[in-house]
Number of protein chains: 2
Amino acid sequence: MDARALETLRTVGTQGGVTAAAAVLHLTPSAVSQQVALLQREVGVPLTERVGRGLRLTPAGEALAEAAVDVAVALERARAACDEFLERPQGVVRVSAFQSGAQLLLPALLTRMEAIEGITLECTDEDVAQDDFVALTDRMDVVVAHRPDDGLGWAGGRAVQVVPLLREPLDVAVPLDHPLAGRSEVRPDDLRDLPWIAVREGFPVATVLGAVAARSGSAPRIVHRVNDFHVVEALVEAGHGVSLLPRYTFGGGARVRLVPLAGVRAGRRIDALLRRDRAERLVVRRVLDELRALAGEIDTA
Amino acid sequence: MDARALETLRTVGTQGGVTAAAAVLHLTPSAVSQQVALLQREVGVPLTERVGRGLRLTPAGEALAEAAVDVAVALERARAACDEFLERPQGVVRVSAFQSGAQLLLPALLTRMEAIEGITLECTDEDVAQDDFVALTDRMDVVVAHRPDDGLGWAGGRAVQVVPLLREPLDVAVPLDHPLAGRSEVRPDDLRDLPWIAVREGFPVATVLGAVAARSGSAPRIVHRVNDFHVVEALVEAGHGVSLLPRYTFGGGARVRLVPLAGVRAGRRIDALLRRDRAERLVVRRVLDELRALAGEIDTA
DNA sequence: GCGTCCATGCAGGGACGCTACATCGTCACG
DNA sequence: CGTGACGATGTAGCGTCCCTGCATGGACGC
C-alpha cells in the first residue's frame, strides 16, 4: 500500500473528481485513475462509484481517505523530526488569502518573515466561493479564509485544521455626504430601504447582510452584486448605494465613511485553514505563529 | 520521503546493521545501503554512523526511525480501515514462540484458529537469547517470549507492544527417588549444595536460579548448562542434578517430580511481543485475542 | 441528437530501484 | 604484524513500474 496512492485517493475525494485531483497533483487524469484502480485491486473493495459523469468515494473509500490523512501526518512528522536536528529550518511555504485579507495581512507577514532566514513565502490571492476555501488547502500550505461571524465552521472534518486569526467588524459604508455619514453609529432600523451593494451569492459574508436586514424587519434591497471591495468602495463613493465593508481593511480610507452598526452583531471571522499534514511542517508552523501574532496585534488595536 | 525507505532505516536500527536488515527485508545489503543513503540526502542530516565494521543510528536517525513507526502504524490502520468493509478478515499470521511456550500454547491456539475461516497461521519455534526476542518482531507478527518474573520489561521502546499472557511458576525438579521428592514444598535453605542444571548464560530465566540461590545465602553450584527443558528433564530423571522447570509445561509428566518453592517467588512471565504496526492488522488482533484467552484458561486452571 | 466533458483502457517511453560485482575499512587469528 | 573474513558502500546493468499520450465509452446540456 503506497502512501502516494493514498494521497491521490484523498485528493480525488476532496476535489471531487479525477481530473481536478490530477490538476492538483500535477498528473494526468489517466495516472490518477490508474493509481486508484490499483489501490482498489489491493484492498478488494470498491473505493469509488460513478455519479453522473463524475465520481465519488464509497464509504470504504472515505474510510481509507480518512486513514490517508494520518499517514500523511505521520510522514510529515517524520520529516519534522529530522528538521529538529537541522540548525536552520528551511523551505517554501505557499500562502493563499482572499483579496481583502491579503491586503490586510500579507504585507506585514512578508515583512516579519524577511527577518527569518531560510523561509520563502509564495503568496497568492484567491477569491473563491465560501465552500471552496477548504479545497484550496490541497494546493496551498496556508489558506486565509473568512466566514460570517455567526455561521457554522468549515467542512472538511478532521483533515483540515482551523486556526482562528481575528474577528473583523463589518461597518456600514456610506458616501461622505450621506445623511448617515455624520452618525457615530447606526441601528438596523436606520437602514430600511437603502440601496445595497452585496457580494455575489455563495461568496463569503454574503449571509451577513441578510441577517442585518432581518433585524430591521424587511428584506434588503440589493441593487448590485460586486465581489471586489475596492469596486464596492468606488461605487459607494459615487453614491450608487451603501454596503458592508470590513473595518480594519477600509476604515483608514477617506473615500467613504464607515459607520459602526449597533443593535446587531455584524462581522466576519478570519481563519487560517491548513491540512493537518501540512501543519506538521516546522516552517509552516513558523509562518502560522507569525500570522497569528500579527492578527492579534490588529485585533487588539 | 518514502515509507518503504523509512521502514528500511528502522530495520537497520533494530537489526543493528545493513546486512541483517537486508536479510529481514529480503533485499541485498547494497539496496538497503542505497535506500538509507538516499534518505540521508533528502533530509540533509547524517542518519547513521560507523562503529567498528558495523554501523548505528545517529540521534537524528533514531528520531526518524521512531517517526517511521507511526508511519507504519498509520499505513496498517489504513489497510484495516478497508478490511472493516470486507465481510471476512483474511490473511496469514506468523507466530513465533520459544520451545516450551510453543509446546504449551501453539497446539491449542491452532485448534482454536481452525474454527475461524480465512486466517492461516504459520508457526515457528525460535529459541534465542533474552535480548534477541524483540528483534524477532521484524520477521514475525507475534513473538511469544518469556522473561524472569522480577526482571525488567522488554527493550524496543514504543515500537513494540507487550501483551502479558500468563505467569508460570518455576518449580524445583528432582528425581522421583530424591529425598525432596516427597515434600509438598521446599525452601531455599533446602537447596544448599545441590548440583544444578541451568540454562546458558544470557538466555531467558537464567537469572532466576541466581535469585533463588541468593536467598539460601550461597551461590548455586551449576554443574551443567542446558537450554532444552526436555534434555534437562532427562538429566534430572537420571540423577545428574536438579533444576528449575516451568510448572504448567512439565508438571504433568511422571519422569521427574516438581516441588513448589516456598519463601521465594520464582517464575517466568510469558508475553506476546509484536510491532505496533503489525498490531493494527485485524487478523493479528484476532490471533492475539485467542492467545490471550487461551493463556487465561491455563493461568487460572 | 449532437457536442462536450469526464473517467478509463491500452501502448510506448522514461525513470527509478534492485542485483551483481568490486573496493575499502575493520576486526580476529596465526 | 600480516592474512583472511566480514561488513558497508560505490558503480554498471537490467528489469520493472509508473506516467504520458491517445482512443473509447458513457453522461449531461443545448
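The values are calculated or read from the model by the stated rules, or taken from the named source; none is laboratory data. In this text the structure is predicted, and so the values were computed from the model without any measurement. A quick note on method: Cβ atoms are made from the backbone with ideal geometry, for glycine too, and the neighbour counts reach across all protein chains shown. In case anyone asks, the SASA skips ligands and DNA or RNA and just uses the protein heavy atoms, side chains included. Shrake-Rupley method; radii C 1.70, N 1.55, O 1.52, S 1.80 Å.
The figures follow:
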read-out: Protein heavy-atom accessible area occluded, B/A pair - total, 1.4 Å probe, Å²; value: 1900
read-out: Hz values of 3J(HN,Hα) by residue in region A:69-85 - Karplus curve (6.51, -1.76, 1.60), Gly and Pro given as x; value: 4, 5, 5, 4, 4, 4, 5, 5, 5, 5, 4, 4, 4, 6, 4, 4, 8
read-out: Heavy atoms of B:THR300: accessible area, 1.4 Å probe, square angstrom to 10; value: 120
read-out: Signed unit charges on C-beta, dipole axis of chain A, positive-most listed residue A:ALA238, A:LEU152, A:VAL92; value: A:LEU152
read-out: Positive dipole terminus of the protein assembly as shown, leading residue within B:VAL36, B:ALA129, B:PRO204 (C-beta point charges); value: B:PRO204
read-out: Inter-copy separations for A:ARG192, label at 7 Å along Cα-Cβ, nm, ascending; value: 11.1
read-out: Magnitude of the charge dipole, chain B, Cβ model with Lys/Arg +1 and Asp/Glu -1, debye to 20; value: 520
read-out: Teacher prompt: A:ARG221 distances to equivalent labels in other copies, 7 Å Cα→Cβ, nm; value: 11.6
read-out: Percent carbon-and-sulfur accessible area, the protein assembly as shown, ignoring ligands, DNA and RNA, probe 1.4 Å; value: 50
read-out: Taking the C-alpha atoms of region A:79-199, convex hull volume expressed per residue in Å³; value: 161
read-out: Rounded D (µm²/s) - chain B, Kirkwood Rh over Cα pairs, Stokes-Einstein at 20 °C, 1.002 mPa s; value: 101
read-out: Heavy-atom accessible area per residue - region B:44-158, 1.4 Å, Å²; value: 47
read-out: Area accessible to solvent at B:ILE119, 1.4 Å probe radius, in Å²; value: 20
read-out: Principal axes of region B:104-151: Cα extent on each, largest first, Å; value: 38, 23, 14
read-out: The protein assembly as shown - Debye-derived log10 I(q)/I(0), Cα point model, q = 0.11 Å⁻¹; value: -1.07
read-out: Size of electric dipole in the protein assembly as shown: Cβ of Lys, Arg +1 and of Asp, Glu -1, about Cα centre, debye, nearest 20; value: 180
read-out: Alpha-carbon centroids, region A:162-184 and region A:247-301: separation in whole Å; value: 15
read-out: Shortest-first nm distances, A:LEU38 label point to equivalent points in other copies (7 Å, Cα→Cβ); value: 1.4
read-out: Computed over region A:156-230, the ratio Rg/Rh where both radii use C-alpha atoms and Rh is Kirkwood; value: 1.04
read-out: B:ASP190 - accessible surface, heavy atoms, 1.4 Å probe, Å² rounded to 10; value: 50
read-out: Placed amide H near A:VAL93: partners under 5 Å, 5+ positions off or other chain; value: A:THR120, A:LEU121, A:GLU122
read-out: Percent antiparallel among DSSP beta bridges (both partners in the protein assembly as shown, rounded to 5); value: 60
read-out: Heavy-atom SASA rank of B:LEU176, A:LEU258 (probe 1.4 Å, accessible area, largest first); value: B:LEU176, A:LEU258
